[in-house]
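Q: Quick one: structure below, then a few questions.
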Amino acid sequence: MSSNLPGGSNKKDNLEPFGDIMKSMNGFFQEKPIKGFLQSIDEFFKTPFPFHSLAVDMVEKENEYLITAELPGIKREQIQIDVYANYLTISVNSNDVIIEENEKSSSYSKQQTVQKSSRTISLPHPINEKQVKASYQNGLLKINISKQKGKRIQIEND
């Protein structure tokens, strides 16, 4: 008695019943325009924003915290620092407009790019915004936050 099923199929076909369909699908995804489209999606998720998360460093000193952020090519007006409770948020907003006019072909082109990136730093105590100092020079943002002096509670004997 033969182990082949009716219709003349052999063992290899029994092991890979969807082999032809899978080959067709692989061929479909390897052809243009699908291949180019899938590659552009991959590139988007590798680098979704032109400037990635902000490079921020925090150092704890005896009386203060020193936070530095590298922001090359960013103007002072594009930087915003917000304080809420024990969180400090650094935001960078960029709004670029490029206008091109061609009198020969009577064409006008306007391109606007809006980008925003932010980074939030958590500190172990509430931040007094009056004791926060920030400076920005040569692409380096420096923020000094004075440490809050807590009150020590004495434990009474019963």
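No value in this document is a laboratory result; all are computed from the given coordinates. Here the structure is a predicted model, which is why all the values come from computation and not from measurement. Here the Cβ is made from the backbone with ideal geometry for all residues, glycine too, and neighbour counts use every protein chain on show.
Q: For the range 107-158, which positions are surrounded by fewer than 12 Cβ atoms within 10 Å (Cβ to Cβ) and among the hydrophobic types (A, V, I, L, M, F, W, C)?
A: Once the filter is applied, which keeps residues that are surrounded by fewer than 12 Cβ atoms within 10 Å (Cβ to Cβ) and among the hydrophobic types (A, V, I, L, M, F, W, C), the range 107-158 yields VAL114, ILE153, ILE155.
Q: Right, something else. Free of Cβ contacts under 8 Å to residues at least 12 places away in the same chain and more than 23 Å from the chain's Cα centre (by Cα): does that describe ASN128?
A: Judged against the criteria, ASN128 is not a match.
Q: So, in the range 131-158, of the ones that are β-branched (Val, Ile, Thr) and over 26 Å from PRO72 (Cβ atoms), which residue ends up farthest from the chain's Cα centre (by Cα)?
A: My answer is ILE155.
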